[in-house]
Structure formats: structure tokens, C-alpha cells
């Protein structure tokens, strides 16, 4: 009987975490402030070689961001989780653009759709569309995928899901690790 009650309580707790909005994110920020830290993965010079067509900024190559801290996000206007995290990315950009460069790459998207999305929502985070192949090392398998790269090209955050990028833990992490 006691075993059944314990199982029932565990199922209820898991259900609350999975289905009550905000609980998962609060627990994640409390116990795992940064989703994944990739300690040993570095982006090589070849990985940086991606021609980028600027949508709301001039066109460039990702190599221009080498030796800089970079918030690199792969997203699409067609992706509901990507759209969900955009307000927090915009706020993070407004608060930390002096500490980290932002490169958001729209994937499988048309330029007109991206421009319309940015305009309708008054977003001004730098957005690009890749014009050359993306290295397998950073090519996303799910959307959104976000990397925070330090100045040495080391991946210090990799997030394969939507998250609140404007949380205090993210701001503190950027302030303490990206110098």
C-alpha cells in the first residue's frame, strides 16, 4: 500500500513538472542554470566559414565573429518554439549586446517571411540567412538550437530547446564567463 502511494506521489510530481507552465523552467533555472555546458567542443576556423546574408544588418561571414563571444541561434519563423523564445532573446540582446555578439540564423525560411516577422514584432536582434553550408559540428538537428561561444570558439552553452534567455541566471552566466 505504501509503495502505491509513493508511486502515485511521484507520478503527480512528474505530471506537475511536465504540464504546469513555468514549473519546468523555474526548476531548470534553479538547479541547472545553463542547460548544457559543452566543455571540450571548440569551433574551428573551418566551422566559422559560413557566408551570411544580413536581413536587418549587413551581410557578412561568421568568420567576422571569430575571437569574439557569440550568441548563435538557429531558428525559423515556421517553428513555434523558436517564436516563443524570441521575446526573451530580444530582451537579452538589449541587455547584453555590449558583452556578446548576436547571430541568429533563420533556417529553411524565405527572406520575406523573416523580414515580416521581425517588423511585426519590432525585433532588432541581428538576423541572417546562411548562404553556404553549415559545419556538421554546429548544424542543428532540432529547432531552436542555441550556442554561446566564448572568444576562443569554445561552446560554453548548447541548448536544443526553447528557453527563457532573459533569466537572471543567463545574464549572470554571461557576465561571469564572457569577458
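The values are calculated or read from the model by the stated rules, or taken from the named source; none is laboratory data. Note that the structure is predicted; figures quoted are calculated from it, not measured. Using ideal geometry, Cβ is built from the backbone for each residue, glycine included, and neighbour counts are taken over all protein chains shown.
Please find, within segment 165-179, the residue that is surrounded by the fewest Cβ atoms within 10 Å (Cβ to Cβ) out of those that are more than 9 Å from the chain's Cα centre (by Cα) and part of a loop (DSSP other than H, G, I, E, B).
179
Which one is farthest from residue 62 (Cα to Cα), of the residues in segment 117-145 that are without any contact (Cβ under 8 Å) to a residue 12 or more places away in the chain and outside any loop (DSSP other than H, G, I, E, B)?
120
Given the structure, is residue 139 assigned by TED's automatic domain parsing to the domain that holds residue 43 and crowded, with 19+ Cβ neighbours inside 10 Å? Lay out the reasoning, then the answer.
Working: assigned by TED's automatic domain parsing to the domain that holds residue 43: yes; crowded, with 19+ Cβ neighbours inside 10 Å: no.
Against the criterion (assigned by TED's automatic domain parsing to the domain that holds residue 43 and crowded, with 19+ Cβ neighbours inside 10 Å), residue 139 does not qualify.
Is at least one residue of segment 115-138 at pLDDT below 95 and out of contact with any helix residue (DSSP H, G or I) (no Cβ under 7 Å at 6 or more places or on another chain)?
yes
Are any residues in segment 39-55 more than 25 Å from residue 113 (Cβ to Cβ) and either at pLDDT 95 or above or not in a loop (DSSP other than H, G, I, E, B) (or both), and if so, which ones?
Initial filter on segment 39-55 (more than 25 Å from residue 113 (Cβ to Cβ)): 39-49.
Within segment 39-55, 42, 45, 46, 47, 48, 49 qualify.
If a residue must be outside any strand (DSSP E or B) and buried (at least 20 other Cβ atoms within 10 Å of the Cβ), how many such residues does segment 146-163 contain? Spell out the reasoning first.
Here is the first cut: in segment 146-163, the residues outside any strand (DSSP E or B) are 150-153, 160-163.
Restricting the remaining residues to those that are buried (at least 20 other Cβ atoms within 10 Å of the Cβ) gives 162-163.
Total satisfying the criteria: 2.
Look at segment 100-116 and say how many of its residues are assigned to a loop (DSSP other than H, G, I, E, B) and either over 17 Å from the mean Cα position of the chain (by Cα) or exposed (fewer than 14 other Cβ atoms within 10 Å of the Cβ) (or both).
Selection size over segment 100-116: 3.
When residues of segment 56-80 are filtered for being assigned to a loop (DSSP other than H, G, I, E, B) and within 22 Å of residue 95 (Cβ to Cβ), how many remain?
4
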